[in-house]
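Everything below concerns the one structure shown next.
The values are calculated or read from the model by the stated rules, or taken from the named source; none is laboratory data. Remember, it's a predicted structure, so these values are computed and weren't measured experimentally. All Cβ positions, even for glycine, are placed from backbone atoms using ideal geometry, and neighbour counts span all protein chains on display. Heavy atoms of the whole protein, side chains included, go into the accessibility calculation; ligands, DNA and RNA do not. Shrake-Rupley method; radii C 1.70, N 1.55, O 1.52, S 1.80 Å.
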Amino acid sequence: MPVLRSIRERLASERPLDGVKVAACLHVTAETANLMQALAAGGAEVALCAANPLSTRDEVAAALAENGVAVLAVRGESAESYVEHVVALADWGPNITLDDGADLLTLLHQRDDAGELTGGAEETTTGLLRLRRLEAEGRLACPVVAVNESRTERTFNDRYGTGQSALDGILRATNLMLAGHTLVLIGYGATGEGIAQRARGAGAAVIVCEVDPLRALEARMDGYEVMPALEAAARGDLFVTVTGSRAVLRREHMELMKDGAVLANAGHFDVEIDLADLRELAGGRVREVLPLVEQYEVDGRRLNLLASGRVVNLAAGEGHPAAVMDMSFANLALAVEHLALHGDELERRVLDVPKEIDEEIARLKLESLGVEIDALTPDQLEYLSSWGAPS
Ligand SMILES: NC(=O)c1ccc[n+]([C@@H]2O[C@H](COP(=O)([O-])OP(=O)(O)OC[C@H]3O[C@@H](n4cnc5c(N)ncnc54)[C@H](O)[C@@H]3O)[C@@H](O)[C@H]2O)c1
């Protein structure tokens with residue numbers, strides 16, 4: 001993670017985070033460990049809990065704990081223990097929160113306990129939706145940097161990161177052949193677009209289901225078949241949900257699916273596939289056929305659910321590769337520095353990542369890839385900044 005490494009080196013020499021308590025509710029992966037260490041090098045006191053009970057890498061949690069970072073997470077923890085850990089981090093009285101899904105920052109709001117907060121940063125679409133609702137109700141108690149919306153995050157993390165890692169999680173769990181099979185993608189947002197691209201590249205036929213006419217049109221013009229989910233239900237070999245909404249695959253779809261269909265979710269919460277419907281349809285005829293693959297028998301057909309409907313790239317794979325998390329976490333590290341230095345002057349709103357931070361991260365990433373680019377000439381700069389007709 002060369003971008004984060006260079007930020008870490010600067011933070012270590014400038015120590016802008018001395019005395020700042022940073023609590024992070026993020027997926028406990030090796031990449032997150034690098035972020036924690038970068039923040040600690042900048043002087044912050046850091047504590048970490050998981051953003052999902054199934055995404056923790058225990059060896060990473062142990063290594064961080066050995067290096068003095070408080071970590072409250074264990075892979076496969078119960079829902080109760082997951083919540084206890086988020087509560088413990090909130091009790092610690094952080095100055096800055098980092099979230100992937102907004103569980104920590106929304107908890108502090110629910111408890112009316114945002115007293116020590118200078119600000120927060122949010123990593124994913126679902127978290128931002130929740131925080132924007134708080135803002136709309138006039139209840140957001142601190143500025144929040146929308147890391148998810150920065151260009152170096154949105155394009156690379158969502159399209160390339162999830163595009164690759166969601167399929168990687170599915171393939172690790174199933175060893176399914178993509179070529180010659182039909183993938184039904186529900187939700188053609190920033191993330192879904194990446195999954196569709198990568199699946200097509202591997203030879204799958206891709207059907208897109210959408211509710212947004214613009215995104216549906218874009219999918220059609222990108223060359224995919226577009227149709228309602230009910231129509232696609234009988235055609236798919238593999239279903240991937242990534243909408244941020246709930247029950248997008250439910251009883252009526254499950255009743256039409258083929259024998260052997262595989263169901264996976266890449267959205268943040270495990271609500272996109274209606275698990276209650278699936279259980280009810282199977283009436284107890286469920287068995288684990290492979291690790292993280294539960295087979296539900298529905299009217300003599302076998303429907304295979306991956307990772308209990310939890311975010312598949314993290315639950316069945318290792319999440320995004322370090323090369324892409326490098327940019328996401330560079331955004332988070334610089335957002336923490338920005339909040340520590342300027343949090344008091346910022347409005348209590350969901351704020352964009354400053355453009356300079358975005359550009360700096362892209363510049364560092366290009367440098368690490370050994371890619372050089374052009375710069376505008378003085379003549380071009382003058383031309384682009386004048387409003388008159390070209391002379
Ligand atoms: N797995 C990961 O690593 C990862 C990475 C980024 C985002 N996410 C999560 O994935 C989800 C989607 O994120 P995004 O950034 O792509 O969001 P987005 O808002 O860009 O896209 C979601 C798309 O789903 C569509 N949609 C909503 N409800 C639908 C329905 N019932 N049927 C069909 N389409 C529907 C929307 O119109 C939209 O185009 C969120 O929960 C986000 O937090 C996961």
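Taken across segment 261-278, residues that are surrounded by fewer than 22 Cβ atoms within 10 Å (Cβ to Cβ) and over 22 Å from R310 (Cα atoms) do not occur at all. Restricting attention to segment 10-28, the residues that are closer than 21 Å to H342 by Cα and either among the acidic types (D, E) or surrounded by 24 or more Cβ atoms within 10 Å (Cβ to Cβ) (or both) total 6.
Between V293, V324, V336, V312, the distinction of being farther than 19 Å from N34 by Cβ, crowded, with 19+ Cβ neighbours inside 10 Å, in contact (Cβ under 8 Å) with a residue 60 or more places away in the chain and within 24 Å of the chain's Cα centre (by Cα) belongs to V312 only.
Looking at E45, E122, E80, E137, can you tell me which residue is under 21 Å from the mean Cα position of the chain (by Cα) and acidic (D, E)? Can you show your working first?
Working: E45 fails: under 21 Å from the mean Cα position of the chain (by Cα); E80 fails: under 21 Å from the mean Cα position of the chain (by Cα); E137 fails: under 21 Å from the mean Cα position of the chain (by Cα).
Only one candidate passes the filter, namely E122.
Contact map, segment 362-391: residues that are open to solvent by less than 100 Å² (accessible area, probe 1.4 Å) paired with residues that are among the hydroxyl-bearing types (S, T, Y), Cβ distance under 6 Å, separation 6+ or inter-chain. Pairs shown: A362/T152; L364/S6. Among helices (runs of 4 or more DSSP H) entirely within segment 104-222, having at least 1 residues that are open to solvent by 60 Å² or more (accessible area, probe 1.4 Å), out of contact with any Phe, Trp or Tyr (no Cβ under 7 Å at 6 or more places or on another chain) and within 11 Å of the ligand (Cβ to nearest atom) singles out 125-136, 163-174, 213-221.
Screening M227 with (1) in contact (Cβ under 8 Å) with a residue 24 or more places away in the chain; (2) within 12 Å of the ligand (Cβ to nearest atom) gives one miss only, at (1).
Scanning segment 72-86 for residues that are of a type in the set (G, A, S), in a helix (DSSP H, G or I) and surrounded by 14 or more Cβ atoms within 10 Å (Cβ to Cβ) yields a single hit, S81. Just one of the numbered conditions (1) in a helix (DSSP H, G or I); (2) within 26 Å of V324 (Cβ to Cβ) is not true of N52: (1). Selection within segment 32-51: residues that are of a type outside the set (A, V, I, L, M) and more than 21 Å from P2 (Cα to Cα). The member of this set that is most open to solvent (accessible area, probe 1.4 Å) is E45. The single condition from (1) acidic (D, E); (2) open to solvent by less than 60 Å² (accessible area, probe 1.4 Å); (3) within 15 Å of the ligand (Cβ to nearest atom) that D237 fails is (3). You will find that of L54, L104, the residue that is touching a Cys at 6+ places or on another chain (Cβ under 7 Å) and more than 24 Å from S6 (Cβ to Cβ) is L104 and no other.
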